[in-house]
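**Student:** Mind having a look at this structure? Questions to follow.
The values are calculated or read from the model by the stated rules, or taken from the named source; none is laboratory data. Keep in mind the model is a prediction, meaning the values are calculated, not measured. Positions of Cβ are generated from backbone atoms using ideal geometry, with glycine treated the same way; all protein chains shown enter the neighbour counts.
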Amino acid sequence: MQFKDFADFFKALADDSRIKIIALLLNEKEMNQKDLLENFNISQPTFSYHMKELTNAKLVKIRKVGTAHFYSVNKNIFNELNDAFLKLVSEQ
């Protein structure tokens, strides 16, 4: 994992709504857009912006079925981040 990847990861999580989205997805494994949005007091365009930030940073995966969007946490990126942190610490 490159330093830019670290920056993108933290930038994507630099919002409490995005952290809440990750927490909800970790509890439910996969949720559709409608069910996720019910947990927030934000507009659909704002929600879409947050999801775009999370998917661009590869923290969340999207699965499309017809017009429905289903989201889940990309656990691989979290594992890569953990490995990269361990590597940084061991180099000190």
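**Student:** If I ask for residues that are surrounded by fewer than 13 Cβ atoms within 10 Å (Cβ to Cβ) and not in a helix (DSSP H, G or I), which ones from the range 1-30 would you list?
**Tutor:** Q2, A14, K29, E30, listed by residue number.
**Student:** Still on this structure: Can you name every one of the helices (runs of 4 or more DSSP H) wholly within the range 31-92 that holds 2 or more residues which are within 9 Å of the chain's Cα centre (by Cα) and crowded, with 16+ Cβ neighbours inside 10 Å? If you could, list the steps in order and put the result at the bottom.
**Tutor:** Numbers: elements: 33-37, 44-56, 75-90.
Where helices (runs of 4 or more DSSP H) fall fully within the range 31-92 and carry at least 2 residues being within 9 Å of the chain's Cα centre (by Cα) and crowded, with 16+ Cβ neighbours inside 10 Å, they are 44-56.
**Student:** Moving on. What is the number of the single condition among (1) modelled with pLDDT of 95 or more; (2) aromatic (F, W, Y); (3) out of contact with any helix residue (DSSP H, G or I) (no Cβ under 8 Å at 6 or more places or on another chain) that F85 does not meet?
**Tutor:** (1)
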